[in-house]
Amino acid sequence: MRSTLKEYFFKGEKKKYGQHLVKNYRWYYRGNLVVKKNKEGLLIDSCGWLSKTTKDIINSVGIPCQVVKGEYYLNGKIWKGEKIWIEQNK
């Protein structure tokens, strides 16, 4: 289902599935804004929930996120879950 939500996310369209809501280039999980897109890039935020679901959402939008020995890595750098802006090619 995440692949379908990904399509809606990148089109800016609205889709709800379980605890996920995608609308206006924003991806919410349980009411928390995890990813926001604009023409320059993506804003990523764990909203204090470093979880498998958060990691999967971030990976779904094309940003590498993984866990190694309990540490989260975003784009290959240690990430503590804080808001981070990732510029992308236009």
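Within segment 25-79, being in a helix (DSSP H, G or I) and surrounded by fewer than 16 Cβ atoms within 10 Å (Cβ to Cβ) holds for K52, T53, D56, N59. Among the residues of segment 7-24, the one identified as closer than 21 Å to G81 by Cβ and either open to solvent by 70 Å² or more (accessible area, probe 1.4 Å) or among the acidic types (D, E) (or both) is Q19. Remark: pairs (first residue in segment 70-90, free of Cβ contacts under 8 Å to residues at least 24 places away in the same chain; second residue loosely packed, with under 11 Cβ neighbours inside 10 Å and assigned to a strand (DSSP E or B); Cβ separation under 7 Å; 6+ apart in sequence or on different chains) = E71/I78.
Whenever a residue of segment 1-23 is closer than 18 Å to G62 by Cα and in a strand (DSSP E or B), its partners that are open to solvent by 70 Å² or more (accessible area, probe 1.4 Å) and not hydroxyl-bearing (S, T, Y), lying with C-beta atoms within less than 7 angstrom and at least six residues away or across chains, give the pairs V22/K14; K23/K14.
The values are calculated or read from the model by the stated rules, or taken from the named source; none is laboratory data. This one's a predicted model, so the numbers in the text were calculated from it and none came from an experiment. Neighbour counts are summed over all protein chains in view; Cβ atoms, including those assigned to glycine, are modelled from backbone coordinates with ideal geometry. Only protein heavy atoms, including side chains, enter the accessible area calculation; ligands, DNA and RNA are left aside. Shrake-Rupley method; radii C 1.70, N 1.55, O 1.52, S 1.80 Å.
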